[in-house]
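Worksheet: one structure, shown below.
The values are calculated or read from the model by the stated rules, or taken from the named source; none is laboratory data. The structure presented is a predicted model; accordingly, all values stated were derived computationally and were not measured. Because the Cβ atoms are built from the backbone with ideal geometry, glycine has one as well, and the counts that use them run over all protein chains shown. To get the accessible areas, we keep the full protein, side chains included, count just its heavy atoms, and leave off ligands, DNA and RNA. Shrake-Rupley method; radii C 1.70, N 1.55, O 1.52, S 1.80 Å.
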Amino acid sequence: METYYIHASRFFLPEGVKSQGYLPIVDGKFGEFTKELPDQESRVLDYTGKWIAPGLVDTHIHGYRGYDVMDNDVEGLKEISKGLLSCGVTSFLPTTLTSDVESLNAVSKTIGEHYQDMPGAKIRGIFFEGPFFTEEHKGAQNPDFFSDPDLDNFQHWQELSGGLIKKIALAPEREGATAFIKELSAQGVTVALAHSSATYQKAREAVSAGASVFVHTYNGMSGLSHREPGMVGAAMNTADTFSELICDGHHVHPAAAEILMNVKGRDRVALITDCMRAGGMPDGEYQLGEFPVEVSSGAARLKTGGSLAGSVLELMDAVRNVHDWNIATIEESIRMASIVPAESCGIEDKCGSIKAGHDADFIVIDSQLNLEETYLNGERVYKKEIKG
C-alpha cells in the first residue's frame, strides 16, 4: 500500500485537538501528524471543513441489524461487523447473554475460530455478560442460568475462545466472587460488576480484589441512597474504576449522566450501546435470548413486565447525545466512545486513538457530529449516502 496524507480542519488526537494539518497513512497505519505537507508530490485526501476522529470502540454490544451474538452464527457476526461501520464503530467486543454452559461453550468457540474473518468492525475480544448474576436486578438476563462464579467453566470458555475473553461481568455478592475476581484479574481479564444487589461495602471489596468496570451504570444495580450508597455509590466513589453509560435518553436521565461524569471524570466514563439485534431495524417484535421484546420509539422493552431489554442505540448517536445534552464537549464526547472504552478493557494498544503505528481506523465527521465516512486500515469502507 502507498503512503498518502489526510488533510482536514480538525484532528482528534491523543494529545488534544489539532487543526489544519496532515495525517500520514503508511501501509494502513497512522503516521505522525504534521502541520505541513512534507512532500508536495504526495497524494492528499482533502477533507477541508471536516473532522477526523478515531474509529469508535463499542465494548458492550449484543447484536445489530437482526443478528445476535448468541445466535452462534458466523454469517450473523459478519453482518454485525459490517453494519457497525455505519455507526462509526471500527472495533467491538461481541457480548454474550446469560445462558446454559453448552451455549456459551459454542459461542466462545465460534468467535475464537472466526474473529479474524470479520469484513467490517474488528473483534478485539469477547465480553461475557454473565452468567454469575443475582435476580433482583436481572434485567433481560435469564435467572434460570444464574450461578456462582465457576473458575473451571470460565477457563474452559477461555480455552475454547483462544484466550479472546477480555471482560466478564458478575454480581460481587455471589459466593466465591472475591477469589474469582482476584484470579481473573491476575490473568489480565477485566472483571466488571453488573446485575447485582450488592451493598456499597461488597462492591468496594470487589474493586479491592481487582474489579474495575461498572456495567451500564445505574441500570441493573442497587441504587444510591443516603444510608446505603449501593453499587451506584461505589461506582461514583472508586476513582480508578470505569463506568459504562447507555446515553440513549431512555436508560439514564441526562442529569444523572452528567452527575456521574462530574464525579468520575469524563476520562473514566465509557459510552456503550448494549445494543440488541433490533439496532438498525424498524420498530416491531424481536427476541433477546429467550425473551420476546417490543421495540418502539427508540426503546427495547420486554413484552412481559416492560423492563428495558438492551437498547437500539448506535454509538455515534450516543456521542451526539451527550454533546447535545450539554454535558460534554465534542472532544470529551468522542473520547468517551473511543479511547476510554478501549482503556476500560485493556485494548488501547490496538484501537481507540489516532496514534502512530496503530491501524488507520478512523471516521470523518462534520461539525454537527454526523458520520460521513468510515476507514479501516486506511481504506474507506463506508460512505454516507446523500439523499435527494
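A few comments on the model shown:
- If both residues of a DSSP beta bridge must be in region 227-328, then about 70% of such bridges are antiparallel.
- DSSP finds beta bridges in the chain, and of those with both partners inside it, around 55 percent are antiparallel.
- Between Glu41 and Leu302, the simple spin-label model (points 7 angstrom out along Cα→Cβ) gives 6.7 nm.
- Computed from the alpha carbon atoms alone, the convex hull of region 163-289 holds 135 Å³ per residue.
- Region 1-156: radius of gyration over Cα atoms, expressed as a fraction of 2.2 N^0.38 Å: 1.38
- Within a Gaussian network of the chain (alpha carbon springs, distance under 10 Å), most fluctuating of Gly31, Gly265, Gly120: Gly265
- Sequence ranges 289-300, 361-372, ranked by mean other-Cβ count within 10 angstrom, highest first: 361-372, 289-300
- Selection from Ile354, Ser311, Gly230 lying farthest towards where the dipole of the chain points positive, charges on Cβ: Ile354
- Directionally averaged projected area (convex hull, Cα atoms, region 1-89), nm²: 7.5
- Relative contact order (percent, whole number), region 41-165, Cα cutoff 8 Å, 6+ residue spacing: 25
- Using all pairs of distinct alpha-carbon atoms, the Kirkwood hydrodynamic radius of the chain works out to 21.0 angstrom.
- In terms of overall dimensions, the C-alpha atoms belonging to region 85-156 reach 36, 26, 16 Å along their principal axes, ordered largest to smallest.
- Separation of alpha-carbon centers, region 16-73 and region 202-271, rounded to whole Å: 30
- Ranking Ser91, Asn105, Met118 by Cα position along the charge dipole of region 73-130, where only Lys, Arg, Asp and Glu carry charges on their C-beta atoms, puts Ser91 farthest toward the positive end.
- Whole-angstrom gap from region 122-141 to region 290-339, using each part's C-alpha centre: 17
- Accessible surface calculations at 1.4 Å, restricted to protein heavy atoms, place the chain at 40 Å² per residue.
- Most simply put, region 1-129 has about 50% antiparallel DSSP beta bridges, counting only bridges with both residues inside it.
- For Tyr200, net neighbour charge (Lys/Arg +1, Asp/Glu -1) across residues whose Cβ lies under 13 Å away: 0
- Within the accessible surface of the chain, defined with a 1.4 Å probe on protein heavy atoms only, the carbon and sulfur portion equals 44 percent.
- Dividing the radius of gyration of the alpha carbons in region 97-212 by their Kirkwood radius gives 0.97 for Rg/Rh.
- The P(r) of region 277-376 has a tail past 20 Å containing 53 percent of all C-alpha pairs.
- Within-10-Å neighbourhood charge of Asn219 [Cβ basis; K, R +1; D, E -1]: -2
- Annotation: aspartates and glutamates with alpha-carbon distance below 15 angstrom to Lys350 (same-chain offsets under eight excluded): Asp58, Asp359, Asp361.
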